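Heads up: the structure comes next, in structure tokens.
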Amino acid sequence: VLQPAQPAPQRPKSGMDNKDPKKETLMAILADNQKNDALPDDSVAFNQVVGFGDDTHHKKRRRQTPTQLLLRAERAKEQEAKIKEIDPEVGEQVAAQKRVSKALQRAAGVRVKDDPALLRKTIKKAAKKKTKSQKEWKRRVSDVKKAQRDKQRKRQENLQARVEAKKAKRVKRRQKR
């Protein structure tokens, strides 16, 4: 005989349902950081090598511009400040983890570009280089135009001189007759 389906028994409510919103945001931020830093489960990481003999071809990530790196560094600082504000202990742990991961990256030979002051300096240097290049290009263009005008003027003078010489020759011939 078939019996009607019974609903699943209700679990007793525990104190876990009353979560602190600050703790939730902290856990979300930490989970996000771990997701970005984590390697796939089936891969082996040694120095810069991930996996061995993988047939999957990943697109190469484009090199980030200094402005993008600056935004990322500033965002990371803000996140760190938020975490420290919510829970100082966890904030210190996260900061220590980041320091260790940066040290490992440097030891592996990767240039860690996360110093906002240096990134601003790099951006400023690139902007100066760009303006200097633009000025030089404008100067080159104006020099080319000036040279073109000079050549045209000289050509006109030469043509005019030829015409004058022809006229003078004709006048000379007429005077001989």
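The values are calculated or read from the model by the stated rules, or taken from the named source; none is laboratory data. Given the structure is predicted, the values throughout are model-derived calculations rather than measurements. For neighbour counting, all protein chains shown are included, and Cβ atoms are generated from backbone atoms with ideal geometry for every residue, glycine included. Only protein heavy atoms, including side chains, enter the accessible area calculation; ligands, DNA and RNA are left aside. Shrake-Rupley method; radii C 1.70, N 1.55, O 1.52, S 1.80 Å.
Per the listing Val90, Val100, the residue uniquely part of a helix (DSSP H, G or I), in contact (Cβ under 8 Å) with a residue 40 or more places away in the chain and either touching a Cys at 6+ places or on another chain (Cβ under 6 Å) or within 30 Å of Ala28 (Cα to Cα) (or both) is Val90. The criterion of being open to solvent by less than 100 Å² (accessible area, probe 1.4 Å) and at pLDDT 75 or above holds for Ala95. In the condition set (1) modelled with pLDDT of 70 or more; (2) within 26 Å of the chain's Cα centre (by Cα), Gln48 is compliant with all but (1). If the condition is being part of a loop (DSSP other than H, G, I, E, B) and surrounded by 10 or more Cβ atoms within 10 Å (Cβ to Cβ), then the stretch 111-133 contributes Val112, Lys113, Asp114, Asp115.
Selection of first residues in the stretch 107-119 that are closer than 14 Å to Ala76 by Cα and free of Cβ contacts under 8 Å to residues at least 12 places away in the same chain and of second residues that are of a type in the set (Lys, Arg) and assigned to a helix (DSSP H, G or I), restricted to Cβ pairs under 6 Å at least 6 apart or on distinct chains, gives the following pairs, ordered by first then second residue: Val112/Lys102; Val112/Arg106.
On the given criteria, is Asp143 over 41 Å from the mean Cα position of the chain (by Cα) and at pLDDT 95 or above? When the stated conditions are applied, Asp143 does not pass them. Within the stretch 69-87, the residues that satisfy the criterion of being over 13 Å from Lys22 (Cα atoms), among the charged types (D, E, K, R) and open to solvent by less than 100 Å² (accessible area, probe 1.4 Å) are Glu74, Glu80.
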